[in-house]
1. Which residue pairs have Cβ atoms under 6 Å apart, sit 6 or more places apart or on different chains, and have a first residue in region 308-322 that is acidic (Asp, Glu) and a second that is part of a helix (DSSP H, G or I) and crowded, with 20+ Cβ neighbours inside 10 Å?
2. Kindly check whether there is at least one residue in region 192-203 that is in a helix (DSSP H, G or I), surrounded by fewer than 15 Cβ atoms within 10 Å (Cβ to Cβ), of a type outside the set (D, E, K, R) and without any contact (Cβ under 8 Å) to a residue 60 or more places away in the chain.
3. What residue, of 113, 121, 95, is under 10 Å from the mean Cα position of the chain (by Cα) and in a helix (DSSP H, G or I)?
4. For region 14-92, which helices (runs of 4 or more DSSP H) that fit wholly inside it have 2 or more residues that are of a type in the set (Asp, Glu), touching a helix residue (DSSP H, G or I) at 6+ places or on another chain (Cβ under 9 Å) and surrounded by 13 or more Cβ atoms within 10 Å (Cβ to Cβ)?
5. Looking only at region 136-162, filter to residues that are surrounded by 19 or more Cβ atoms within 10 Å (Cβ to Cβ) and modelled with pLDDT of 90 or more; which one of those is farthest from residue 84 (Cα to Cα)?
6. Here are some residues: 365, 271, 277. Which one is within 21 Å of residue 227 (Cβ to Cβ), surrounded by fewer than 22 Cβ atoms within 10 Å (Cβ to Cβ) and either within 19 Å of the chain's Cα centre (by Cα) or at pLDDT below 90 (or both)?
Amino acid sequence: MDSVLRYVFLLLAMTSFYMMYISLFNNGFFNLLSHQLATRALPGESDIALLSEYTGLKAFDGILESIVIFFWPISQGHHVGLSLTGLSFSGGMVGIWMIVVVHICRIRSFTRGMVITLIVGIAQQAVGPGIVIPCYFALTSRARPPNKNLHLTGTYSTSNHGLVVSMIMSYIFPLVIMSLPAPAMISPHSKQQVIAAWQGWPVYFVIIMTTHHLFINRGHRKEASARRQVLSVYHFGFACSCLCHMAWLSAFVASKIQSLSQSSNFWYLCPYGVAFPLLNQPAQRLGALEAGLFTFLQWDYCVAAAATMVWSTDRYIQECHRAELEIDKFRLILRLLGWILIDGPSATAVRLIWESEGPSYLQNPN
């Protein structure tokens, strides 16, 4: 079964790579990105100049310029569907990242766990979680911690507060600032700098985790049971993923109400491609560059979420078998479909993981 899963994860990674890079390259998306970079202006903002210096390193600044152009339409809010897709992506990644970090801390010592966390985080920022997350699960598909040892080597040392605080400070807080509209609430100059600085969030995450481990948490490592700490981390990831998915789902329903009733109350939603990922193309009012970003984000998030769901479902089934519990596959499929619709794919993966952790749940799955 592990070998089959490994091939599934690798297939997902290759699919993501093809759709995010090869297909978009053939469709001219990266040429559009290069052309926009050559204009030295931000997308949709002909009067706002693109910053040319962020770190003082010319090669690195060139990469950051492309990244700022990439993230500007998503964070600025001109295109509602694109921004909502970015919101769903960002919130969903919190749940996925919590699952990955907890798994890393569970099977490694704190130092090695932080090194691996840093490598995985930088890799996913460089090429996208849609490629890196399936590859990570493919490489670690055999590394399952024993059910009897529920505490995490890394998380036990840093507590749930270390993981949650690190995620809030390194990822969520800069993301909120980055999403403020310019120039209404933040200057375009500052917004570009925040977008560039946010790209290093995996580094900030590891630094905050290490600081918490070394200086803050030494005096109260046993303040909560290990299992409760793990569940707190999962609940945090679930809440972030679910809330962002519900925001997107509400906008989707509103846009469909508008299209059916021809009401003018939701006119601002319908033209911007608020659609189920992968099924619909962005609407006609999206520019070519924004349409490419829409497609890139959809494949990046959906493949990462699908890989995490496959891994979580396999983990859940393995734990049920270990507890000698029978699984009603038809009922499980129906529950998964309902959770995916209401909670979102990332939150569904987190829900499966936390339910597989509790012996009390395994003894009474109803």
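1. 319/356
2. No, region 192-203 has no match at all.
3. The conditions single out 95.
4. In region 14-92, 58-76 are the helices (runs of 4 or more DSSP H) which contain 2 or more residues that are of a type in the set (Asp, Glu), touching a helix residue (DSSP H, G or I) at 6+ places or on another chain (Cβ under 9 Å) and surrounded by 13 or more Cβ atoms within 10 Å (Cβ to Cβ).
5. Restricting to residues being surrounded by 19 or more Cβ atoms within 10 Å (Cβ to Cβ) and modelled with pLDDT of 90 or more, the top hit is 138.
6. Going through 365, 271, 277 in turn, the sole match is 365.
The values are calculated or read from the model by the stated rules, or taken from the named source; none is laboratory data. None of the values given here were measured: they were computed from a predicted structure. Glycine gets a Cβ as well: all are built from the backbone with ideal geometry, and neighbour counts include every protein chain shown.
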